[in-house]
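Structure first, commentary second.
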Amino acid sequence: MDKNYVRIFDTTLRDGEQSPGASLTSAEKLEIARQLAKLGVDIIEAGFPAASPDDLEAVRRIAQDVGNARDGSRPPVIAGLARANKDDIDKAWDAVRHAAHPRIHTFLATSDIHLKYKLKMTREQVVARVSEMVAYARALCDDIEFSPEDAGRSDPEYLCEVLEVAIEAGATTLNIPDTVGYTTPEEFGGLIEGLIKNTRGSEKAVFSVHCHNDLGMATANSLAGLRAGARQAEVTINGIGERAGNTSLEEIVMTLKTRPAVFGLYTGIDATQITRTSKMVSNYTGMPVQPNKAIVGANAFAHEAGIHQDGMLKNQMTYEIMRPESVGLSASQLVLGKHSGRHALKSRLIELGYALSDTDLDKAFARFKEVADKKKYITDADLEALIADEFYQPNEVFRLEDIQVVCGRHGMPTATVRLIGPEGLDKTIAAIGTGPVDATYKAIDAIVGAPNTLLEFNIHAVTEGIDALGEVTVRLHADGDDTHTYGGHGADSDIIVASAKAYLSALNKLVTAQLTPRMHAQHSTLELERV
Ligand code: KIV
Ligand code: ZN
């Protein structure tokens, strides 16, 4: 491997999924993993198999499917997380061993705070446990990553001792996490430099950085670590993750690409897949991307101020350091209209990277025609929203068959909703609410019967213009269980229909989870931390 090559280790499906409210179904995880492979990530951390049987099964499916390329290309490494105990390691191995290139990622905290209060172990006990568990994992799998959790607040001398033992026991990657997002770039870069220099055998392993964003320095810290010699960056799409999140993939990749003279490093990422991956993760998790987010925010390439627009018209380089196309934002605006046929739609979707089967293309074409009847021009952004609405949805327990809404200033907002559900259910109910969305949600609640609290409701227009498609994302949790949040999304030219679809999308996840209660174990175990 070239010494300037940086491996991208994506942990959207593990650390990202630990974001408050970002629970994903197995089918969604598989779709995201497929997209991550298209994006060109080197390693996918597919989950934490010991967290629940469902998590183990999701990692196994990803290992079997995405971890084995059928087209002769090199599939990504599939990693599973395990605490430093035999049971976790066995479960991780059971899940990832189906991949062509499996990896077990095991971790144990090394900071005095964690040792004293969480693990109740001495430094010597931790060293012994690391040696034993890394060797145990290595006997199962050739590719072992070890992380000293809370390395950012650990004694560097002690860290060298632990890492040395991990290398001797067979670790091939040493990941240095700033678990609580506490360090500064100077400190973190210095830490990595010192560890590489002072750990005996460090040349036998790849050093990796894993930063959290509690003080807004995750990207800067990761870059400082790469400059200091680390050659793997652990990242998530849109920077989602525990608390303030993880280092974001798009920021690391585009910084290395845009500033080669500063870093002299490169990755294997196909940056044109960044926008699509970002949208998919946002839609599936129900977590909107803030408009001013670097690279993937809606405003990241928008030039509003007159003086900027004037400069841009004269030469794009005046205010643009990256081309929008380089991250997969389409330059073309006016794409298709109501006279465009199935073939034109198919070609445009292929250009956008969607190779649909004939049956799916029929569905996409029907949706396209429906929208084209109401909207003069269908842009790439519209097509992406329609595809997400049609194909990136959870298991459809309840389906919206029809909806009629009456509202205005003086009447009582009323919604009549017809849903098709399990076991032949076909029910129509009318409800009154404080507004049309409230009435719609009350009618849906009356049919679905899953008491819940709506935490977030976001609506935005996909494009400019009065005829724009509306895209809605919601997040909710079941009453009596605020530890599991379900996100949903929907798009339609009618914003009430989009709102109904988004709500049903989240409710379908909630209902599916209640039907398979094992899913509920998913997020809880990392907190326990008992080894
Ligand atoms: O932040 C962290 O310490 C982690 C480890 C499990 C690598 O996510
Ligand atoms: Zn983390």
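Values for this structure:
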read-out	value
Subset of region 135-161 [in a helix (DSSP H, G or I) and more than 14 Å from ligand 1 (Cβ to nearest atom)]	Ala135, Tyr136, Ala137, Arg138, Ala139, Leu140, Pro156, Glu157, Tyr158, Cys160, Glu161
Positions within region 387-401 being crowded, with 22+ Cβ neighbours inside 10 Å and at pLDDT 85 or above, in sequence order	Ile387, Asp389
Count of region 103-118 residues which are in contact (Cβ under 8 Å) with a residue 12 or more places away in the chain and surrounded by fewer than 20 Cβ atoms within 10 Å (Cβ to Cβ)	3
Residues (open to solvent by 80 Å² or more (accessible area, probe 1.4 Å) and not in a helix (DSSP H, G or I)) located in region 316-331	Tyr319, Ile321, Arg323
Strands (runs of 3 or more DSSP E) contained entirely in region 436-525, each with at least 3 residues that are under 21 Å from the mean Cα position of the chain (by Cα), within 19 Å of Glu390 (Cβ to Cβ) and of a type in the set (Val, Ile, Thr)	470-478
Selection count where residues are more than 11 Å from Ala99 (Cα to Cα) and in contact with a helix residue (DSSP H, G or I) (Cβ under 9 Å, 6 or more places away or on another chain), scope region 55-72	4
Within region 202-218, tally of residues that are open to solvent by 20 Å² or more (accessible area, probe 1.4 Å) and under 23 Å from the mean Cα position of the chain (by Cα)	5
Residue satisfying condition, being within 14 Å of ligand 2 (Cβ to nearest atom), in a helix (DSSP H, G or I) and not hydroxyl-bearing (Ser, Thr, Tyr), within set Asn221, Asn175	Asn221
Candidate set from region 17-50 (those that are small (Gly, Ala, Ser) and modelled with pLDDT under 95); member that is surrounded by the most Cβ atoms within 10 Å (Cβ to Cβ)	Ser23
Matching residues in region 237-274 - criterion: being within 12 Å of the chain's Cα centre (by Cα) and not in a loop (DSSP other than H, G, I, E, B)	Ile237, Asn238, Gly239, Asn246, Ser248, Leu249, Glu250, Ile274
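For (1) over 18 Å from Met254 (Cβ atoms); (2) aliphatic (A, V, I, L, M); (3) modelled with pLDDT under 95, each residue gets a yes or a no:
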position: Asp178; (1), (2), (3): yes, no, no
position: Glu186; (1), (2), (3): yes, no, no
position: Leu191; (1), (2), (3): yes, yes, no
position: Asn198; (1), (2), (3): yes, no, no
position: Leu223; (1), (2), (3): no, yes, no
position: Arg231; (1), (2), (3): yes, no, no
position: Glu234; (1), (2), (3): no, no, no
position: Gly239; (1), (2), (3): no, no, no
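The values are calculated or read from the model by the stated rules, or taken from the named source; none is laboratory data. This structure is a prediction, so every number in the text was calculated from the model and none was measured. For neighbour counting, all protein chains shown are included, and Cβ atoms are generated from backbone atoms with ideal geometry for every residue, glycine included. Ligands, DNA and RNA are stripped out before the accessible areas are found, and what is left, the full protein with its side chains, is counted by its heavy atoms. Shrake-Rupley method; radii C 1.70, N 1.55, O 1.52, S 1.80 Å.
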